[in-house]
Structures are given as structure tokens and as C-alpha cells.
Amino acid sequence: MATHVEQKKCDENMEKCYENYILIDVGANLTNKKYSRDLDSVIQRAKDSGVQKIMVTGTSVKASKEALRLTRIYPNTLYSTAGIHPHDAKSYTDESWEELRHLAENLECVAIGECGLDYNRNFSEPEDQRTVFRKHIELAIELNKPLFVHERDAHEDLIEILDKFKGKLPPVLIHCFTGSSESALIYLERGFYIGLTGYLCKDKSDTGIRKLLRMVRFP
């Protein structure tokens with residue numbers, strides 16, 4: 001248990017952090033119905049904790065539409081993404097893609113995704129996932145918006161696809177990273193961003209995020 005002095009020092013350090021950095025939650029699933037009753041208080045607690053902006057994740061056309069709707073209820077605080085999660089790649093149609101494109105063109109939509117590859121469960125066939133992922137990349141390049149990527153057990157295929165767009169890619173965030181430190185370093189070498197979540201507290205291995213954080217020096 002931290003002493004009073006240690007806690008005070010910790011609080012002071014956090015205040016300095018808030019002064020020097022803009023804290024942004026880049027992957028909030030606020031479209032989940034669990035938040036329907038207390039969304040105001042959830043957002044206020046985030047603000048009280050120093051989070052200034054929140055990106056609401058779009059994982060389907062329906063969720064992307066809801067994410068955009070929320071940005072207009074909480075302007076300048078919530079922003080949205082527009083995408084189809086690899087689990088739902090099988091639901092892709094030309095009509096739904098045009099609807100997603102329309103959502104992505106809005107100013108409040110600041111990234112394309114959540115998109116990518118997930119071979120852990122293969123809720124959608126890998127080939128369908130790859131096809132839909134390429135569509136997201138092309139849209140991100142066209143609209144010049146960052147790419148919000150999900151990857152699980154699909155590192156090699158993901159890199160192969162992204163490398164085909166080398167020199168054209170907008171900023172790329174590998175969201176909720178759960179892979180090995182070696183995979184993370186390959187992403188970092190390409191200039192991609194790595195998203196860390198609460199999974200860090202669950203992963204007790206010495207091959208993934210914990211190892212990475214010891215290897216990489218941050219400013």
C-alpha cells in the first residue's frame with residue numbers, strides 16, 4: 001500500500017502529465033448498450049481523470065452509424081471511427097460498403113476501422129477478412145484518415161498486405177495489441193503505433209507486451 005508521501009508524489013506526477021500531454025482514449029466501445037443508462041457520467045469521469053477526447057469505435061455499419069450519432073451529442077469530446085471488424089467481414093456487401101464510406105467522409109469520423117485480420121476464431125473466412133481489410137486500407141488512403149487495425153494471430157498476413165501499400169499508408173494504429181514483442185518491433189520499425197489495453201494486466205508471459213516495454217525506450 002502506498003504511503004501518503006508516495007501517493008502525493010504520484011498525484012503530482014500525474015498532474016504534470018496532464019499539463020504536458022493531451023490524453024486521448026482511442027478505442028472506447030461506447031456504442032455498447034451497457035452504457036445507455038449512464039453515458040453522461042462515464043464521459044464525465046473520463047474528463048475528470050484527464051481524458052480530453054474519446055474515439056468511439058465503429059465495428060460494423062450499424063455501430064459506425066451509432067458512433068457518429070454520439071459524436072453529435074457530445075461534440076468536441078467524442079469522435080468516431082468507421083469500419084467493419086474482421087469477425088464481421090462475411091457480412092460485407094457493396095451496398096453496406098457505400099453506406100460505410102458515407103459515414104467515413106464525415107468530419108467527426110477521424111479514422112478508418114476497426115478493421116484487420118483475426119485468425120484466432122475465424123468467425124469470417126480468412127480470404128473474406130483479407131479482401132475487406134484491403135478495402136479499408138484503400139479507403140483510408142483515399143480519405144487520408146488513420147487506419148485503426150485489429151490483429152490477432154495474423155501478423156504475417158497483415159504485414160504482407162500493409163507492405164503492398166508502402167509509401168501510401170496514412171498513420172496506422174495496431175489497436176489492442178496482444179502479440180509477441182518481436183511482432184511489435186516489426187510494427188514499430190514501419191512507423192506504426194501500438195495500442196496497449198488492460199490486457200497488459202492479464203498477460204504474465206515474458207514474450208509479449210511486458211518484454212516490449214522493457215526493450216523500448218520512450219521519451
How many residues does region 144-173 contain that are more than 21 Å from GLU125 (Cα to Cα) and touching a helix residue (DSSP H, G or I) at 6+ places or on another chain (Cβ under 6 Å)?
4
Given the criterion on the phi < 0 side of the Ramachandran plot and modelled with pLDDT under 95, identify the matching residue among ARG121, ARG72, ARG101, ARG130.
ARG121
Among the residues of region 145-178, which ones are over 14 Å from the mean Cα position of the chain (by Cα) and over 12 Å from LEU117 (Cβ atoms)?
ASP163, LYS164, PHE165, LYS166, GLY167, LYS168, LEU169, PRO170
Only one of THR77, THR93, THR81 that is of a type in the set (S, T, N, Q) and buried (at least 19 other Cβ atoms within 10 Å of the Cβ)
THR81
If I ask for residues that are under 15 Å from ALA63 (Cβ atoms) and assigned to a helix (DSSP H, G or I), which ones from region 85-96 would you list?
PRO86, HIS87, ASP88, ALA89, SER91, SER96
Give the residues of region 69-99 that are touching a strand residue (DSSP E or B) at 6+ places or on another chain (Cβ under 8 Å) and within 12 Å of VAL132 (Cα to Cα), sorted by residue number.
GLY83, ILE84, HIS85, PRO86, HIS87
Scan region 130-175 for residues that are part of a loop (DSSP other than H, G, I, E, B) and surrounded by fewer than 19 Cβ atoms within 10 Å (Cβ to Cβ) and report the count.
10
Taking PRO86, is it surrounded by 15 or more Cβ atoms within 10 Å (Cβ to Cβ) and either closer than 16 Å to SER64 by Cβ or in contact with a Cys (Cβ under 8 Å, 6 or more places away or on another chain) (or both)?
yes
Where the second residue is in a loop (DSSP other than H, G, I, E, B) and not acidic (Asp, Glu) and the first is in contact (Cβ under 8 Å) with a residue 24 or more places away in the chain and lies in region 22-34, which pairs have Cβ atoms under 7 Å and are six or more apart or on separate chains?
LEU23/GLY50; VAL26/GLY195; GLY27/THR57; GLY27/CYS176; GLY27/GLY195; ALA28/THR57; ASN29/THR57
On the given criteria, is ILE112 part of a loop (DSSP other than H, G, I, E, B), surrounded by 18 or more Cβ atoms within 10 Å (Cβ to Cβ) and touching a residue at least 12 places away in the same chain (Cβ under 8 Å)?
no
Yes or no: ASN76 free of Cβ contacts under 8 Å to residues at least 24 places away in the same chain and either closer than 23 Å to LEU147 by Cβ or of a type in the set (S, T, N, Q) (or both)?
yes
Please determine, by comparing only the residues of region 42-67 that are of a type in the set (Ser, Thr, Tyr) and not in a helix (DSSP H, G or I), which one is nearest to ALA28 (Cα to Cα).
THR57
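The values are calculated or read from the model by the stated rules, or taken from the named source; none is laboratory data. Keep in mind that what you see is a predicted model, and the values were worked out from it rather than measured. A quick note on method: Cβ atoms are made from the backbone with ideal geometry, for glycine too, and the neighbour counts reach across all protein chains shown.
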